[in-house]
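Worksheet: one structure, shown below.
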Amino acid sequence: MRFAIFLLLSLCACAFADALEAGAAKIDITAPVGTPLSGYGARMGRNSTSVHDPVWARTLYLDDGETRLFLVSVDLIGIMPELRARVLELASDTVSPENIILTATHTHSAQGATTRNILIRFVSGRYIPEVLEQTAQGIVDSMRNAYDKRKRAALGYAVGAHEGLSVNRRYADGPIDEQIGVILVEDADGNPISIVTNFSAHPTSVGGEDFFSFSSDYPGFYYLEMEELLGPSCVPIFLNGAQGNQTTGNPEQKSGWERTESVGRSLARLAYKTAGYIMFGDVTLRVHYKEAALPATLLDILLPDRVFLQSLEINDLLINFFPGEACVELALEARRRALARGYEAQFSVGLANNHLMYFVPRHLYSDPTYESTSTFYGPGIEDWFYEQFESMMSRPVSRDDNKEQTEHKQPPVLLVHEIPNGVVVDLEGTPREIGIARGGEFLEDIQRLYEMRVVSKVDRGEWTPSSGMLRYIPSFLETKALMLPVLGMGSRVLLQELSLDLIREMEGMASGADLPFDAFWLLQHAPLYDLIEEKTALFAAPLCTMFAAVGERAGADELIVGRNLDWALPEQNVITRTRPTSGNAFMQAGFPWNAGVFTCMNETGLTVCVERVQTSGITRPDKAPIEFILRDIMQFSDDYNTALNRLRRSAHISGVHVLLAGFVEDEPRAAIVEFGKEIVVREEKNGLLLGVLPDNTVADEFTIGRYATIQSFFADMRIIGDLDAQRVLTSFDAASRETVSLGDVWNDHTRHSVVLLPKFRRMNLALPDNDGNPGDFLTIPLTGELFHE
Amino acid sequence: MSEVVRNYTWGGSLRKRRRNLRRHSSGVAKFVFPLLVVVLLLCLWLTRDNYERSAFVPADNNIEFYVNDILGCRDALIESRVFSLAPGWNEAQRVYKIIAGDLPIPEWLLNNLSADLCHVSAPSFDRVNNVVISVHMTRIGGIAERFIRFSPSIETDFAGGLRLFHVPDANIYYAVRGRTLLFSPHRASLIRALTLSPPETLDRSRFMESARKAAGTDIFCRIKSNALDMTDSPFEQLEIVLHLQPATVIAETECRLSREFVEQYAPFMATLSPREFPVPFDCMATLSADMGVSPLELIKTFATMFPALEPVAGLFEEANDDLTPVESITDAQMLFYNALRLAETSMRFGLFGVEPYEMLPAPLLAATFAANTDMVLALFERIAPVPEETGEVDLAPRLDDDHLLAYVPLIGGPSIEPAVASYGHGLLFSSSAALARNLLQSDQLNQHYPRMGNLYIAIRPLPLVNACFDAAREFAISGLLRGHNGDSIEETANKWRGVVSELDDIALFVACDNYDVRAELKMSMNKAQREDSDTPAETGEKERQD
């Protein structure tokens, strides 16, 4: 294997640091055979059957005269809260608890049985308090032995690179962390006390007949090889990195245990070679730590709302400790930021002090992969970690960064105008700021609707799947505690193909409304999910009307879009005028909670409306639903053709029609995009475009009746004015108000009537009054004051 | 002179009295003695016992209680602490307060007002207000009542010459006939009791027989089917004798099942007679039975009574249809259904505990059934070799080395490893192979209960409650138990422990003979608790006396 050193650091003077003391020790913590192993759910908690190689607790003690610390690496799947708590209880006060860094190598072949939470037992097997006690005692013994063996020491570090020892386990061309970080500690005679190697890959190479055998996996062979290279008195330590989506490669094309051995020994040899470049100098240790509040999570029965975070600085080496399984993208970005601050090297170490499952970058949050479905703190968790780790860096922020941040920190604009039966909200700022402002403004509404439309339905079993394990959950169990996270996981795929800006804005809305992102995202789909569960009664009423008058038929307005949004659920009407920092400003008529758009126009005059035509037999789309695609179109599409092409690519949508209107080189254009078995684009005929043609075979009789009314209303009008559009949108048979007549355009479910005038970038809006009748039309420009025409 | 002095110094007063007596004896005797004789005769006449108690009991009253020595029963009830088993039941607590509270009248008087048998009768459970209570007074009690009736708190109710008395504060009507005191909260019921014609009254011999059954401090109760507001009452008549002892309460029940009930729900009981049945498991909850039908038939029968069991019965039907005699057994369902098909009528079940730390908190259950051992072993021989790929939930049966036990790894540890084994003359099922292996080593598997009967159920409430809460706690601390967290489940557990800690065990023995069912329910109170609580109870008693 070609070996490359791409960075060599720590070239300080050879003199031993005056104050540095170090000691290292290892203790075999292999639990008795029969103890269940942790790591693979497929083991189903059955007993272990043999020991292939022991599992260890290995500790390096360091003291620079001012800072003492224990750096502990344990061959376990993770450091579970019970284990950390017990270790801290048993540990002597030689080192303060904040300076005890507990990490796990993440071997999938070491004892489980140390966690009491029932959900974790499905992976780690039954809870055996004695195993927890013995494991904690073993770790503490290794700490005590390391301390007892302390002596004058020197320390240096370096980073090397590997080729092919690890690969991205999800995408062949996905990113990997090629860095191998090494810390070497020697005594006054130059004898190695310990060598610490940081490398990122899942220790999941053991299987087959040894599926139920104890093993430390490839780190075990790393230990053996390193002890052969540096002598038995050296305690090799392995720190796994951001291994979330990294696994071992197979550069020597071996199989079975030979592959495991090949990776472990190759890693040791690479680390040994890298260590050969290390020079020693004065050492300053700094441990930074904090107890940080985590973003909200739906899986709150398992995961905490606060976590203990640590960073270690050894001179200009920064080590960030992730309390779980970070994907490599987070490590690479954390390193970029650290190096930008002036650190010479950065290591990311995973599985430290806790196990909060996976952390994936925002762009992978919607991936239907194991890592992405096993992350529970929302798509913004990567930013949260960067922020936390940056706040624990002792090196100051560079001037450029500071300036950038200062410029960035302009307060968002949030203006609220009360209008009869509704509000108009003006928003301006970054996507997240806009989201936070909107979520905060409607916090109570959003929380109430989430409880009503999502939580209570799950609790009552209305969304319980008709197949699979979840349907067997007995009623004495807290159904929603299990179902909501699972629903949240399954719904992330609906974020696919959405812009990161929109996702950031929704993160902001969730945060502003004090909800987990997944909860907020479920609220977006509550109406859709109701339909999927065959509860079509909620939407049995006629749903929406839309039409456009185009060209000469629209007279001087050139383009008129008429639109009623019919929506069975009671809602507060909210018109938002959003001015994001990137893309187009736009305004939409909707509700407090909806992050997608149903009726919207942007600053280029591009206008969209959506209408559901099919109300039964609906299945969940594979990717983002239509209202979110439209939301991205509004922000990022400047012209009609781009928007139309974007819609043509959305083959996963079905059962809805979209009205798209805009201008192509000042020429007014409009089309209905019908998403059925295939996508059909229908353009205006005689200057009039109806959302649904009266001969449509999928639409219900109410829809057909409504459009027939509009068609006959406009039949004899050579020119359609905005007042005509208003009149037809608000027409209904007052005599039969109690029951919707086939021809009624305005009905009990109408939430807003809008006539959009793209040429003038304004909408005329009527909202239902207290009796459900249409109120007066109000003109709302994209920017500026509202007025009655 | 000296005689005078002598007399004065050693007993003058005595002599004076004697002298006085002598001086007045003739006049007083002439007046007082006849008066006393007259008063005595009057008292004897007034308190003559000239009424049959049974004459006041309507023959159509479907509920009857006979309580001998009511104060003795009261003390026995208090001492047995039966009421402490129902701390949350307000009605029970109200009754307990009435019974254990201070007596409304002095104890000596109460003893005289209710000297021996107290009889309580009511038409049905939905008309308990129509209850009529009769007690037998001593002559002193009878005389005392004559004075009490003049108390201002008692009103006379002429009632057409029946001469009732009304105690408005207690809302009770009473009447006295000879030395029989009758009272009721319901005036009409009391009037009816006083005006029964002979054919309407309870047969005297039957009354005496029932009184005999309530001897000592026992309570005898007879309930006829009409007492229940049910279309198809399960029984024609039910008799219960309650024996109250300091550490034990025994309820002996005899009942005759109604023909309709048996025909509709449990036809097998029509020909059932007492049988030899297995000795119950020594565990926290056990059931041992021989009802003359196999478990499959029993499940079908119960499915007609409890529709929730229909799917279970359906599963067995399905298994019956699916399996051909030569087919290999490849999964757990085939193994257990087909093993159960070999089960005969003698059966027992036991809950040995709960393993709260298993992958899922798991009950440790076992059951045995009489079965033909050869057929069981033949069944085991049909178990297919374990396939190479078994799936995550491993349902492939394995045979133990000695081939007497087959088990299924399923999921998790040794407490979730269902097993079926062959022993002596039967089949052993268990939710845990480890438990099954232990039981196979014990002698009790082949033993029989010393009495002939059909059903025996025993429960040790405290271990059972502890086991249930051990399991519930695991769900609660994992946030999975509806309405509870770790703290609240502990609170609830403590309440339950407080209730059941009074009881050591409850055992029910049932023997059926055609339509007649004889049952014995025995509740053994916790001796340690009893000794602990003796002191405060005694102290309380002493305080009351003081």
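Read the figures in this text as sums done on the coordinates, not as results from a lab. All values derive from a computational prediction rather than experimental measurement. With ideal geometry, Cβ positions are generated from the backbone for all residues, glycine too; neighbour counts draw on all protein chains shown.
Overview of values
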{"quantity": "Within 10 Å of each Cβ in B:406-412, the average number of Cβ atoms from other chains", "calculated": "3"}
{"quantity": "Percent RCO, i.e. relative contact order, over chain A, from Cα pairs under 8 Å lying at least 6 residues apart", "calculated": "9"}
{"quantity": "Pairs of alpha carbons in the protein assembly as shown whose separation is greater than 61 Å (percent)", "calculated": "42"}
{"quantity": "J(HN,Hα) series, the stretch A:105-120, from Karplus relation 6.51 cos²θ - 1.76 cosθ + 1.60, nearest Hz, glycine and proline x", "calculated": "7, 6, 4, 8, 10, 10, 4, x, 6, 9, 10, 8, 4, 4, 4, 6"}
{"quantity": "Over chain A: helical MRE at 222 nm, DSSP H runs n ≥ 4 each giving -39500 (n - 2.57), nearest 500", "calculated": "-8500 deg cm²/dmol"}
{"quantity": "The stretch B:443-525: Cα Rg divided by the 2.2 N^0.38 Å rule of thumb", "calculated": "1.53"}
{"quantity": "Around A:Gly112: net Lys/Arg minus Asp/Glu count, Cβ-Cβ under 9 Å", "calculated": "+3"}
{"quantity": "Furthest towards positive pole of dipole, A:Gly422, B:Leu399, B:Ile154, structure part the protein assembly as shown, Cβ charges", "calculated": "B:Ile154"}
{"quantity": "Overall form of the stretch B:259-528 per C-alpha gyration tensor (a/c, 1.5; a/b vs b/c)", "calculated": "oblate"}
{"quantity": "Under the Karplus curve 6.51 cos²θ - 1.76 cosθ + 1.60, θ = phi - 60°, whole-Hz ³J(HN,Hα) for the stretch B:490-498, x wherever Gly or Pro sits", "calculated": "5, 4, 4, 4, 5, 4, 5, 4, x"}
{"quantity": "Prolate/oblate/rounded label for the stretch A:4-391 (Cα gyration tensor, a/c 1.5)", "calculated": "rounded"}
{"quantity": "Point-charge dipole on Cβ atoms (K/R +1, D/E -1) for the protein assembly as shown, about Cα centre, debye to 20", "calculated": "6440"}
{"quantity": "Kirkwood hydrodynamic radius of the stretch B:53-227, from inverse mean 1/r over distinct Cα pairs, in Å", "calculated": "17.0"}
{"quantity": "Only Lys, Arg (+1) and Asp, Glu (-1) charged, at Cβ; the stretch A:4-391 dipole about Cα centre in debye", "calculated": "560"}
{"quantity": "Globularity index of chain A, i.e. its alpha-carbon radius of gyration over 2.2 N^0.38 Å", "calculated": "1.12"}
{"quantity": "For peptides A:104-114, A:658-668, sequence by mean Cβ density within 10 Å, most packed first", "calculated": "A:104-114, A:658-668"}
{"quantity": "Neighbour-limited loop hits for GluC sites (Glu not before Pro), the stretch A:60-127 (at most 16 other Cβ within 10 Å; DSSP other than H, G, I, E, B)", "calculated": "A:Glu66"}
{"quantity": "Shielding by other protein chains, A:116-125, mean Cβ within 10 Å", "calculated": "5"}
{"quantity": "Sum of side-chain charges, A:Gln137 neighbourhood, beta-carbon under 13 Å (Lys, Arg +1; Asp, Glu -1)", "calculated": "-3"}
{"quantity": "The stretch A:4-391: relative contact order as a whole-number percent, Cα under 8 Å and 6+ apart", "calculated": "19"}
{"quantity": "Net charge of Cβ neighbours under 11 Å - reference B:Asn454; Lys, Arg +1; Asp, Glu -1", "calculated": "0"}
{"quantity": "Trypsin sites (Lys or Arg not before Pro) within the stretch A:628-669, DSSP loop, no more than 16 other Cβ atoms inside 10 Å", "calculated": "A:Arg649"}
{"quantity": "Cα-based Rg / Dmax (Å) for the stretch A:266-358", "calculated": "15.8, 48"}
{"quantity": "Relative contact order computed over the stretch A:630-719 (Cα-Cα under 8 Å; 6+ residues apart), in percent", "calculated": "17"}
{"quantity": "Coordinate range along principal axes, alpha carbons of the stretch A:177-227, Å, largest first", "calculated": "46, 25, 12"}
{"quantity": "Residue (of B:Met523, B:Thr304, B:Met291) at the positive-pole extreme of the stretch B:259-528, dipole from beta-carbon charges", "calculated": "B:Met523"}
{"quantity": "Alpha carbon centroid spacing (whole Å) that separates the stretch A:566-634 from the stretch A:33-70", "calculated": "51"}
{"quantity": "Cα centre as origin, Lys/Arg/Asp/Glu Cβ charges: the stretch A:132-274 dipole, Debye", "calculated": "320"}
